[in-house]
Amino acid sequence: MGVLEEKKETCGTICLKYLLFAFNFLFWLAGGVVMAVGVWTLVLKSDYISLLSSKTYAASAYILVLAGVIVMVTGVLGCCATFKERKRLLRAYFILLLCIFLLEILAGVLAYIYYQQLNDELKQNLKKTMTDEYDQTNSEHITKAVDKLQQEFKCCGSNSSADWAESVYIRSGAKGRKVPDSCCKTITNMCGIRDHPSNIYKVEGGCITKLENFILDHLKIIGAVGVGIACVQIIGMVFTCCLYRNLKAEPY
């Protein structure tokens, strides 16, 4: 009878080991996805981040990169802990899973907070940034970001193209331009002299609406990735606890 119970216990432990190994492989891949989303935000969309006064959006991306790196390292540790059947390694693995889970909760909370305040921030700061800093000394990154924003989103001005009339750039002459050349549907040198709808982008809501929609969509991606990984982690923590209980005490 004791032998039968021992065989059942061994069989259960083996099944748990392979389930946990499969989980760790998927977890390692998921870590790569989390890190890629964070890096994509910071590298490819860094110009837009420079237009935002709040650092919450960037902080969420940095947390994702950090979580992704820890997830990939944890995935390797999990495989080692599973096959070596060492309780101490499993304890360390469980603690790391818990830390990653808490990091992702933090990123989700930051994203949600920023989601709530995004519209107000854009209304208060984007127009001021565009009108006060465009094409000014030591603001080359702002100029580049605004030009990229207007071209990629096919918009002109924070609320409308009329906003440019209040800008330091236009009021200082701008060689006769009424809007920056990046407002033009087809960019040529000095095309900003003519602000007719056939020549420049006239979009309802201006660039504020376009940028807000873009960031909201991106926050949803960050949130979905975080929630997805967190759900997978809960399964991993359950498997880890089960395997930990099934292993015999380590000799000291």
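Points worth noting:
- Restricted to segment 198-215, and to residues there that are at pLDDT 80 or above, surrounded by fewer than 20 Cβ atoms within 10 Å (Cβ to Cβ) and of a type outside the set (Val, Ile, Thr), the residue that is nearest to the chain's Cα centre (by Cα) is PHE214.
- Annotation: of all residues in segment 216-246 being open to solvent by 20 Å² or more (accessible area, probe 1.4 Å) and over 25 Å from the mean Cα position of the chain (by Cα), the one that is nearest to GLN117 (Cα to Cα) is VAL238.
- Tally of residues being open to solvent by less than 60 Å² (accessible area, probe 1.4 Å), touching a Ser or Thr at 6+ places or on another chain (Cβ under 7 Å), in a helix (DSSP H, G or I) and not acidic (Asp, Glu) across segment 96-145: 14
- Residue count for segment 14-69 satisfying the condition of being modelled with pLDDT of 80 or more and of a type in the set (Ser, Thr, Tyr): 1.
- For segment 146-181, the tally of residues that are assigned to a helix (DSSP H, G or I) and open to solvent by 10 Å² or more (accessible area, probe 1.4 Å) stands at 17.
- Residue check, CYS191 hydrophobic (A, V, I, L, M, F, W, C), under 32 Å from the mean Cα position of the chain (by Cα) and open to solvent by less than 70 Å² (accessible area, probe 1.4 Å): no
The values are calculated or read from the model by the stated rules, or taken from the named source; none is laboratory data. Everything numeric in this text was worked out from a predicted model, so none of it was measured. Here Cβ is always computed from backbone atoms with ideal geometry, including for glycine, and neighbour counts include all displayed protein chains. Calculation scope for accessible area: heavy atoms of the full protein, side chains included, ligands and nucleic acids excluded. Shrake-Rupley method; radii C 1.70, N 1.55, O 1.52, S 1.80 Å.
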